[in-house]
1. Search the stretch 168-184 for residues that are within 19 Å of VAL130 (Cβ to Cβ) and open to solvent by 40 Å² or more (accessible area, probe 1.4 Å) and pair each with any residue that is outside any loop (DSSP other than H, G, I, E, B) and small (Gly, Ala, Ser) when their beta-carbon atoms are under 9 Å apart and the residues are at least 6 apart or on different chains.
2. How many of the residues in the stretch 122-136 are over 21 Å from ILE165 (Cα atoms), open to solvent by 70 Å² or more (accessible area, probe 1.4 Å) and either part of a strand (DSSP E or B) or modelled with pLDDT under 80 (or both)?
3. Give just the number: which of (1) part of a loop (DSSP other than H, G, I, E, B); (2) in contact (Cβ under 8 Å) with a residue 40 or more places away in the chain; (3) among the charged types (D, E, K, R) does LYS140 not satisfy?
4. Has the stretch 34-55 got at least one residue that is at pLDDT 90 or above, under 28 Å from SER137 (Cβ atoms) and loosely packed, with under 12 Cβ neighbours inside 10 Å?
5. With the checklist (1) within 28 Å of VAL120 (Cβ to Cβ); (2) open to solvent by 60 Å² or more (accessible area, probe 1.4 Å) in hand, flag the one item GLN78 doesn't pass.
6. Which ones in the stretch 1-29 are loosely packed, with under 13 Cβ neighbours inside 10 Å, of a type in the set (Asp, Glu) and in a loop (DSSP other than H, G, I, E, B)?
7. Among (1) part of a helix (DSSP H, G or I); (2) within 16 Å of the chain's Cα centre (by Cα), where does ASN62 come up short?
8. Can you confirm whether GLU10 is of a type in the set (D, E, K, R) and farther than 27 Å from THR114 by Cβ?
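The values are calculated or read from the model by the stated rules, or taken from the named source; none is laboratory data. Note that this is a predicted model, so its numbers are computed, not measured. With ideal geometry, Cβ positions are generated from the backbone for all residues, glycine too; neighbour counts draw on all protein chains shown. Just so you know, the surface numbers come from the protein's heavy atoms only, side chains and all, with ligands and any DNA or RNA stripped out. Shrake-Rupley method; radii C 1.70, N 1.55, O 1.52, S 1.80 Å.
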Amino acid sequence: MLGYETYGIEPNEKMAEYAKKSLGLNVVCAKLQNVKFNDNYFDIIHASDVLEHILELREAINFIRGLLKEDGILVMGQPLMYNRSFFNLLLKITMFFKKNKYAPNPPAHLWEFTPGTLKVFLKERGFKIVYCKIFESKAKPLTAFRHPTFKNRAGLYFKNISSIISNSILLKPFELGDRALVACKKS
(Lines give C-alpha, C1' and ligand atoms only; values in the text may rest on other atoms or scores of the structure.)
Protein backbone atom coordinates (compact mmCIF):
# COMPACT_ATOMS: atom_id res chain seq x y z
CA MET A 1 0.00 0.00 0.00
CA LEU A 2 1.74 3.14 -1.25
CA GLY A 3 5.16 2.03 -0.02
CA TYR A 4 4.08 1.05 3.47
CA GLU A 5 4.07 -2.43 4.92
CA THR A 6 0.53 -3.06 6.20
CA TYR A 7 -1.19 -5.79 8.18
CA GLY A 8 -4.77 -6.35 9.18
CA ILE A 9 -6.38 -8.45 11.89
CA GLU A 10 -10.00 -9.55 11.52
CA PRO A 11 -11.64 -12.15 13.78
CA ASN A 12 -14.56 -12.74 11.38
CA GLU A 13 -13.55 -15.38 8.83
CA LYS A 14 -15.83 -14.10 6.04
CA MET A 15 -14.63 -10.53 6.44
CA ALA A 16 -10.99 -11.61 6.53
CA GLU A 17 -11.46 -13.59 3.30
CA TYR A 18 -13.20 -10.63 1.67
CA ALA A 19 -10.34 -8.30 2.65
CA LYS A 20 -7.76 -10.75 1.29
CA LYS A 21 -9.44 -11.82 -1.95
CA SER A 22 -11.47 -8.78 -2.97
CA LEU A 23 -9.28 -5.99 -1.62
CA GLY A 24 -5.88 -7.66 -1.82
CA LEU A 25 -4.99 -6.82 1.79
CA ASN A 26 -2.64 -8.75 4.06
CA VAL A 27 -5.18 -9.80 6.70
CA VAL A 28 -4.93 -12.47 9.37
CA CYS A 29 -8.10 -14.12 10.66
CA ALA A 30 -7.51 -14.17 14.42
CA LYS A 31 -8.20 -12.42 17.68
CA LEU A 32 -5.91 -9.49 18.42
CA GLN A 33 -4.05 -11.10 21.31
CA ASN A 34 -3.40 -14.31 19.32
CA VAL A 35 -1.35 -12.55 16.62
CA LYS A 36 2.41 -12.56 17.11
CA PHE A 37 4.29 -9.35 16.34
CA ASN A 38 7.47 -8.00 17.86
CA ASP A 39 7.14 -5.38 20.59
CA ASN A 40 7.69 -1.78 19.46
CA TYR A 41 7.13 -2.83 15.84
CA PHE A 42 4.45 -0.53 14.40
CA ASP A 43 4.58 3.17 13.60
CA ILE A 44 0.78 3.44 13.40
CA ILE A 45 -2.10 1.22 14.46
CA HIS A 46 -5.54 2.06 13.15
CA ALA A 47 -8.53 0.75 15.11
CA SER A 48 -11.84 2.16 13.91
CA ASP A 49 -15.02 0.69 15.36
CA VAL A 50 -12.97 -1.91 17.24
CA LEU A 51 -12.57 -1.10 20.92
CA GLU A 52 -16.26 -1.17 21.78
CA HIS A 53 -16.44 -4.85 20.72
CA ILE A 54 -13.46 -6.19 22.69
CA LEU A 55 -14.33 -8.04 25.88
CA GLU A 56 -11.01 -7.46 27.69
CA LEU A 57 -10.54 -3.85 26.64
CA ARG A 58 -7.80 -2.80 29.09
CA GLU A 59 -5.66 -5.78 28.19
CA ALA A 60 -6.21 -5.17 24.46
CA ILE A 61 -5.14 -1.51 24.71
CA ASN A 62 -2.06 -2.49 26.71
CA PHE A 63 -1.28 -5.08 24.02
CA ILE A 64 -1.69 -2.48 21.25
CA ARG A 65 0.48 -0.01 23.17
CA GLY A 66 3.22 -2.65 23.42
CA LEU A 67 3.15 -3.16 19.64
CA LEU A 68 3.73 0.54 18.94
CA LYS A 69 7.19 2.07 18.60
CA GLU A 70 8.18 4.63 21.24
CA ASP A 71 6.72 7.47 19.16
CA GLY A 72 3.97 5.26 17.68
CA ILE A 73 0.46 6.52 17.06
CA LEU A 74 -2.91 4.89 17.68
CA VAL A 75 -5.68 6.26 15.43
CA MET A 76 -9.25 5.43 16.33
CA GLY A 77 -12.72 6.08 15.03
CA GLN A 78 -14.83 5.46 18.12
CA PRO A 79 -18.60 5.52 18.58
CA LEU A 80 -19.69 7.46 21.65
CA MET A 81 -22.77 7.29 23.82
CA TYR A 82 -25.80 8.98 22.30
CA ASN A 83 -26.35 11.05 25.44
CA ARG A 84 -24.59 14.03 23.88
CA SER A 85 -26.59 14.35 20.67
CA PHE A 86 -29.82 15.91 19.54
CA PHE A 87 -30.81 12.55 18.07
CA ASN A 88 -30.81 11.09 21.58
CA LEU A 89 -33.13 13.88 22.68
CA LEU A 90 -35.56 12.82 19.95
CA LEU A 91 -35.26 9.17 21.07
CA LYS A 92 -35.97 10.14 24.69
CA ILE A 93 -39.01 12.19 23.68
CA THR A 94 -40.31 9.21 21.69
CA MET A 95 -39.76 6.84 24.63
CA PHE A 96 -41.51 9.30 26.97
CA PHE A 97 -44.63 9.46 24.82
CA LYS A 98 -44.62 5.70 24.24
CA LYS A 99 -44.02 5.21 27.99
CA ASN A 100 -41.13 2.92 27.06
CA LYS A 101 -37.80 3.16 28.87
CA TYR A 102 -35.86 0.80 26.62
CA ALA A 103 -34.68 0.73 23.03
CA PRO A 104 -36.17 -2.07 20.90
CA ASN A 105 -32.77 -3.66 20.21
CA PRO A 106 -30.06 -4.80 22.63
CA PRO A 107 -26.88 -2.70 22.56
CA ALA A 108 -24.29 -3.74 19.99
CA HIS A 109 -21.36 -2.48 22.06
CA LEU A 110 -19.72 -3.91 25.14
CA TRP A 111 -18.18 -0.52 26.02
CA GLU A 112 -19.63 2.96 25.77
CA PHE A 113 -17.63 6.16 26.11
CA THR A 114 -18.35 9.84 26.41
CA PRO A 115 -15.69 12.22 25.08
CA GLY A 116 -14.40 12.68 28.64
CA THR A 117 -14.28 9.01 29.63
CA LEU A 118 -12.57 8.09 26.34
CA LYS A 119 -9.85 10.69 26.94
CA VAL A 120 -9.33 9.57 30.56
CA PHE A 121 -9.24 5.89 29.52
CA LEU A 122 -6.55 6.52 26.89
CA LYS A 123 -4.44 8.67 29.23
CA GLU A 124 -4.62 5.98 31.94
CA ARG A 125 -3.39 3.44 29.38
CA GLY A 126 -0.29 5.53 28.58
CA PHE A 127 -1.38 7.57 25.56
CA LYS A 128 -1.19 11.31 24.95
CA ILE A 129 -4.01 12.59 22.77
CA VAL A 130 -2.66 14.71 19.91
CA TYR A 131 -5.92 15.09 17.96
CA CYS A 132 -9.55 14.60 18.91
CA LYS A 133 -12.60 15.52 16.88
CA ILE A 134 -16.10 14.87 18.23
CA PHE A 135 -18.93 14.93 15.71
CA GLU A 136 -22.31 13.43 15.00
CA SER A 137 -22.40 10.93 12.19
CA LYS A 138 -25.04 10.83 9.49
CA ALA A 139 -27.62 8.06 9.29
CA LYS A 140 -27.11 4.86 7.36
CA PRO A 141 -28.45 5.30 3.83
CA LEU A 142 -31.89 3.88 3.18
CA THR A 143 -30.24 1.39 0.80
CA ALA A 144 -29.00 -0.38 3.97
CA PHE A 145 -32.58 -1.62 4.40
CA ARG A 146 -34.14 -4.16 2.09
CA HIS A 147 -37.55 -2.46 2.29
CA PRO A 148 -37.30 0.89 4.10
CA THR A 149 -40.32 1.62 6.27
CA PHE A 150 -41.73 5.01 7.22
CA LYS A 151 -39.89 4.64 10.54
CA ASN A 152 -36.58 4.09 8.66
CA ARG A 153 -37.20 7.14 6.50
CA ALA A 154 -38.19 9.33 9.47
CA GLY A 155 -35.14 8.14 11.43
CA LEU A 156 -32.87 8.97 8.47
CA TYR A 157 -34.15 12.54 8.28
CA PHE A 158 -34.12 13.13 12.06
CA LYS A 159 -30.59 11.70 12.38
CA ASN A 160 -29.28 13.81 9.52
CA ILE A 161 -30.93 16.98 10.87
CA SER A 162 -29.41 16.19 14.27
CA SER A 163 -26.02 15.78 12.57
CA ILE A 164 -26.30 19.20 10.94
CA ILE A 165 -27.25 20.84 14.25
CA SER A 166 -24.57 19.07 16.34
CA ASN A 167 -21.84 19.76 13.78
CA SER A 168 -22.75 23.44 13.39
CA ILE A 169 -20.07 26.04 14.09
CA LEU A 170 -22.01 27.38 17.10
CA LEU A 171 -22.16 24.00 18.86
CA LYS A 172 -18.72 22.54 17.99
CA PRO A 173 -17.12 23.77 21.25
CA PHE A 174 -19.62 21.67 23.25
CA GLU A 175 -18.36 18.41 21.69
CA LEU A 176 -21.82 17.12 20.87
CA GLY A 177 -22.06 13.98 18.85
CA ASP A 178 -21.90 10.22 18.71
CA ARG A 179 -18.45 9.71 17.12
CA ALA A 180 -14.85 10.51 17.99
CA LEU A 181 -11.84 10.55 15.72
CA VAL A 182 -8.79 10.33 17.98
CA ALA A 183 -5.06 10.16 17.30
CA CYS A 184 -2.92 9.49 20.34
CA LYS A 185 0.78 9.00 20.81
CA LYS A 186 2.42 6.42 23.00
CA SER A 187 3.80 8.30 25.99
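1. Taking only residues 6 or more apart or on different chains, the pairs are LYS172/SER166; GLU175/GLY116; ARG179/GLY77; LEU181/SER48; LEU181/GLY77.
2. Just the residues of the stretch 122-136 that are over 21 Å from ILE165 (Cα atoms), to begin with: 122-131.
Still in the list and also open to solvent by 70 Å² or more (accessible area, probe 1.4 Å): 123-124, 128, 130-131.
When the remaining residues are screened for being either part of a strand (DSSP E or B) or modelled with pLDDT under 80 (or both), the result is 128, 130-131.
Number of matching residues: 3.
3. Going through the list (1) part of a loop (DSSP other than H, G, I, E, B); (2) in contact (Cβ under 8 Å) with a residue 40 or more places away in the chain; (3) among the charged types (D, E, K, R), LYS140 breaks only (2).
4. Yes, the stretch 34-55 contains a residue that is at pLDDT 90 or above, under 28 Å from SER137 (Cβ atoms) and loosely packed, with under 12 Cβ neighbours inside 10 Å.
5. If we test GLN78 against (1) within 28 Å of VAL120 (Cβ to Cβ); (2) open to solvent by 60 Å² or more (accessible area, probe 1.4 Å), just (2) comes out false.
6. GLU5, the sole residue that qualifies.
7. (2)
8. On the way: of a type in the set (D, E, K, R): yes; farther than 27 Å from THR114 by Cβ: yes.
Yes: the conditions hold for GLU10.
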